[in-house]
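Visitor: Submitted below is the structure of interest, expressed as structure tokens.
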Amino acid sequence: MQLELRNTEGGVVGQVKVSDALMGVPFNPSLVHQAMVMYQLNRMQGTSSTKTRAEVAGGGAKPWKQKHTGRARAGSNRSPIWRHGGITFGPKPRSHRRDMPKRMRLRAFLCTLSQKARENKLIVVEDIRGVDGKTKNLIRVLEALNIKGSTLIVTENPDGKIISSARNVPRVWTLPVNLLNAGDLLKRSYV
């Protein structure tokens, strides 16, 4: 497969030959969905917590005697049906973590990357170091490449100048290539 190599002015300067094993992978929606759910669940903290009737302060004594008051039987004023009582089936801290085999994660990544290439949403830029940490230069480059929408800029190594220039641009994120995954590719329109 051939991808167009562009410069920061938006012009085509050549072609990049990419292996069909990398970019010719057919899209598998169920696998990509499974990967996306995994990435979303792994981002969850699972720290929400409520107190049960045993953990709420107070409620040691029986509020009134069992019989002859004309009121309902009550053993504690921290019962879940009382005001200031415990929560019956409330959330407790837990792990939402889900795992996927490495080959399935890789396959989902390749499916998503291939789909971006087929939709012409994968843009290969020759050299983006000309932004020099200036937000206006990055905006100029994105306009020259005709990118409208959420964008993920992938660099070989973490580049401080590109990160600082993209920080103030809405809906633009940067990521080094070794941290790239199917979840990040799916969340953004352009790569």
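The values are calculated or read from the model by the stated rules, or taken from the named source; none is laboratory data. Keep in mind the model is a prediction, meaning the values are calculated, not measured. Note: ideal-geometry Cβ built from the backbone for every residue, glycine included; neighbour counts use all protein chains shown. Surface accessibility is based on the protein's heavy atoms, side chains included, excluding ligands, DNA and RNA. Shrake-Rupley method; radii C 1.70, N 1.55, O 1.52, S 1.80 Å.
Visitor: Residues in the stretch 147-166, backbone N under 20 Å from the label point at Asn178 (7 Å along the Cα-to-beta-carbon vector): list them, ranges by number please.
Guide: 153-164
Visitor: Restricting to DSSP H runs of at least four residues, report the calculated mean residue ellipticity at 222 nm for the chain, -39500 (n - 2.57) per run over all residues, nearest 500 deg cm²/dmol.
Guide: Mean residue ellipticity, 222 nm, calculated: -9000 deg cm²/dmol.
Visitor: Say we join alpha carbon atoms closer than 10 Å with springs in a Gaussian network model of the chain; which of Glu143, Glu126, Glu55 then has the biggest fluctuation?
Guide: Maximum among the listed residues: Glu55.
Visitor: Among Ala74, Thr174, Leu185, whose Cα sits farthest toward the positive end of the charge dipole of the stretch 49-188 (+1 at Cβ of Lys/Arg, -1 at Cβ of Asp/Glu, about the Cα centre)?
Guide: Checked the options; the winner is Ala74.
Visitor: Further, regarding this structure: Set the Förster distance to 41 Å, then compute FRET efficiency between Lys62 and Ser95 from the Cβ-Cβ distance, nearest 0.05.
Guide: That pair, Lys62 with Ser95, gives E of 0.60.
Visitor: Taking only Cα atoms and a 10 Å spring cutoff, compute GNM fluctuations for the chain and point out the largest among Ile81, Ile147, Ile123.
Guide: Highest fluctuation of the listed residues: Ile81.
Visitor: Quick check: with the 1.4 Å probe, what order do Trp173, Trp64 take by accessible area, largest first?
Guide: Largest to smallest exposure gives the sequence Trp173, Trp64.
Visitor: Computed from the coordinates I sent, log10 I(q)/I(0) by the Debye sum over Cα atoms at q = 0.08, 0.11, 0.14, 0.16 Å⁻¹ equals one of [x] -0.30, -0.54, -0.81, -0.99; [y] -0.27, -0.50, -0.80, -1.03; [z] -0.47, -0.64, -0.86, -1.04. Tell me the label.
Guide: Looking at log10 I(q)/I(0) by the Debye sum over Cα atoms at q = 0.08, 0.11, 0.14, 0.16 Å⁻¹ for this model, the match is [z].
Visitor: Given a 1.4 Å probe, how much area per residue of the stretch 74-127 is accessible, in Å²?
Guide: Roughly 71 Å² per residue, with all protein chains present.
Visitor: Same structure, new question: Can you tell which of Gly46, Gly24, Gly90 shows the greatest fluctuation in a Gaussian network model of the chain with Cα springs below 10 Å?
Guide: It is Gly90.
Visitor: Under a 5 Å amide H to amide H cut-off, with H placed in plane at 1.01 Å, what residues pair with Lys51 once short-range neighbours are removed?
Guide: Ile87
Visitor: Another question, then. Starting from 0.36 nm per residue, how many nanometres of slack lie between Thr47 and Thr155 once their C-alpha separation is accounted for?
Guide: 35.5 nm
Visitor: If Arg78, Arg73, Arg107 are ordered by their accessible area, calculated over protein heavy atoms with a 1.4 Å probe, which sequence runs from highest to lowest?
Guide: Arg73, Arg107, Arg78
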